[in-house]
1. Of (1) more than 20 Å from L278 (Cβ to Cβ); (2) under 34 Å from the mean Cα position of the chain (by Cα), N220 satisfies all except one. Which?
2. Just give me the residues in segment 454-494 being open to solvent by 50 Å² or more (accessible area, probe 1.4 Å), within 17 Å of T421 (Cα to Cα) and not in a strand (DSSP E or B), in sequence order.
3. If you check S391 against the conditions, is it of a type in the set (S, T, N, Q), surrounded by 20 or more Cβ atoms within 10 Å (Cβ to Cβ) and at pLDDT below 75?
4. For segment 588-613, enumerate the residues that are over 16 Å from the mean Cα position of the chain (by Cα) and more than 27 Å from G575 (Cβ to Cβ).
5. Six or more apart or on different chains, Cβ atoms under 9 Å: show the pairs whose first residue is in segment 215-239 and over 19 Å from E255 (Cα atoms) and whose second is aromatic (F, W, Y).
6. For segment 495-517, name all the residues that are open to solvent by less than 40 Å² (accessible area, probe 1.4 Å) and either among the hydrophobic types (A, V, I, L, M, F, W, C) or assigned to a strand (DSSP E or B) (or both).
7. Please work out which one of (1) surrounded by fewer than 21 Cβ atoms within 10 Å (Cβ to Cβ); (2) touching a residue at least 24 places away in the same chain (Cβ under 8 Å); (3) of a type in the set (G, A, S) is the condition A142 fails and give its number.
Amino acid sequence: MSGPTTRVALVAALAVAASGCSLIFAPDRDRQLRDAGPEDAGDVDSGLDAGPDSGVDGGGDGGCPGSQGIETSCSDGVDNDCNGLTDCVDFACRVSPACCTGAATPWPAMTDFNGGTWESNGTTVMRSPGRVTFGTAPTPQAAVLRACAPLAFGMDFTVRFDVDLAGPRGDYGAFLLSPTPDRAGTTPFLSELAVRVLDSGEVRLERAGALIASAQLDANTVLVSVSLRPGLDAASRPVLLATVNAGSAMLGEVEQPFMPLSDLRGAGATPSCEPDGLFVVIEGQGTKVSASSAVTAEQLACENPNQFLPETTALEPLVDQFAANTPEWRTGGLSEPAVAHYRQFVGSELLDVWADASVIERSDELLRFVDFTIGAAQRQSTGVWASRLQSGSPVLLGPSAREPSIWAPTSIDPAMGTRLTGGELLFAHALKRDSAEIYDLFVGFVSVGAPPNPALPTTPTIEQTPAECTSLRDPSVVALGSNPRNDGVLLFYTCEQAGEPDRVAVSRLSWDGSRFVRGATNLSLLTSSIGPYASRGVFSPEAAVFQESGGTVGVRLWFLTRDAAGEVAVSTALGEIPEGEALPVLSPYPGNPTLRADDPLLGADCAMGCGLDAVAVTRTLPASRWMSPSYLVVVAQSRQTVTGVEHRLVPLLQSRPNDE
């Protein structure tokens, strides 16, 4: 949690919650396309509003050669839209064919209708390896794939239909994407998307039962192809984009918005979809149309910052791992997590989770002095949690130390693969200066042994100065190579300025032989001007770096934003360090924010109000307990209850298909 405005907002929220109200607002569902629920059948959203632009600060500087205002090519090595980002590192390209490659772990192929989890739904439907016929029943018949198709990162489908065009009588066959693998009685399946082939020769594209486009067949057979990509509509809302073809005829437009990504079936549904998706159904009625080839499906790895998955390997409840022998150190609430996933020896797989805590309720700090200390716990290869410190106590630094950040520099070992470089982690934290409500930032190293002895400078790495920032908070430290002392370090942090919204800053650090020193700095890397969702501040950054093709360093940033109503949410930015430059250029995701405090995925009852306080991220190791490539994301959530405030650390996973 960062800054005076954060603390004011939290105390106000608690006061309102105590009176039976809440400052937490649900997402505005009126802004979204309708889904295929029973109440929406036949309803089509006509037009999309020109919502607020949540683009990047400032745009280009007008000096970009050949500027076209949009990214016209995603493989030409040119920054066409002059936002400082080239090709696949630009959000505009992350779902293009050049950047949206096949998934590392593809969905099992649907080789035939008798394999996998295909099953019949109806009295006269017949399945063989390469054909589905629907028989003479007077009601719709279907073949259903009960394994949910994971559409969140994109998928391509094909299926062929044969049609007897002599004497139409109302028979049909259809490819459907349905929110459910079941139906009520003998009624047709609900569908978000349907391609219907009629025995009259008409092929219809439908959304939620309403006609979008149609074409007329000129042959007795037609190959239907459906290409789906996550993307944004004209108002920068996250949606599923669809391109549908029936033979040589395109039905509708290229990449037309079809449904909100939030309406895909998710992990909390029964049966669930992980990642979010829908169910494939081949439906029809009568004998004149049949599916004459197996359905083929290719799972893609498109960019989707909105997609988070539940973490299911017993990391919850993380808070309990910090009790150890001195639980009283965290009775006021545990928050501001830091995480690092690394391998030190052959067969080892370690997860460090650090956090700060207080003895008295942490949200009281506006009303009285609250002291913070930093503690650490470690999940070992066996799955057992252990204290990282002497005598089993989790407390590492304090008093007046808060908001830890850790980073595991790694290199490729021929025998072990990706492993920790040396025996230390990069470490940063905020430390309160004397009795003033001012924090400075310290960056150094900490050993990976127990206890993890910090090697920190005696003077601040970055010291608050009134001309720049009132206080410095929320450090996030990342190394730019396997050796931080030689390769350099980026330090992202919150710059608080009295009377102004918080903003995210970044400094380049270099090693002078004994300590890190500050170099190039941008105090306004991200500001409240990125969009209405951030009008009251941008804070609590968490960074990851990766190598792009050609050796450029890519940067992904998670951060918190506060809107005019005081609602805090997780948002994302993407960028790179341009050649010859010291600092990154970032572009906020146009579909921000990506995660809200009351999202059901976080698993809390938010009837009395929920808030987000921080986010921590680490890359998962290849061949580890988690899907790869992915990020482990730990969200600090606070929840109002009848007895007070509950502070939770909630682990999630997020795919990183293009962050290598």
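1. Result: N220 passes all but (2).
2. N483, R485, N486, D487
3. Numbers: of a type in the set (S, T, N, Q): yes; surrounded by 20 or more Cβ atoms within 10 Å (Cβ to Cβ): no; at pLDDT below 75: yes.
The answer is no for S391.
4. Across segment 588-613, the qualifying residues are G603, A604, D605, C606, A607, M608, G609, C610, G611.
5. T221/F161; V222/F161
6. C495, E496, V504, A505, V506, S507, L509, F516, listed by residue number.
7. (1)
Yes/no matrix, rows are residues, columns are (1) in contact with an Asp or Glu (Cβ under 8 Å, 6 or more places away or on another chain); (2) of a type in the set (A, V, I, L, M, F, W, C); (3) surrounded by 24 or more Cβ atoms within 10 Å (Cβ to Cβ); (4) part of a strand (DSSP E or B):
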| residue | (1), (2), (3), (4) |
| --- | --- |
| A215 | yes, yes, no, yes |
| D218 | no, no, no, no |
| L228 | yes, yes, yes, yes |
| A235 | yes, yes, no, no |
| M250 | no, yes, no, yes |
| P257 | yes, no, no, yes |
| A267 | yes, yes, no, no |
| E274 | no, no, no, no |
| I282 | no, yes, yes, yes |
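The values are calculated or read from the model by the stated rules, or taken from the named source; none is laboratory data. Computed from a prediction, not measured in an experiment: that's the story for all the values here. Please note: Cβ atoms are built from the backbone with ideal geometry, for glycine as well, and neighbour counts cover all protein chains shown. Areas reflect the complete protein model, heavy atoms only, side chains present, ligands, DNA and RNA absent. Shrake-Rupley method; radii C 1.70, N 1.55, O 1.52, S 1.80 Å.
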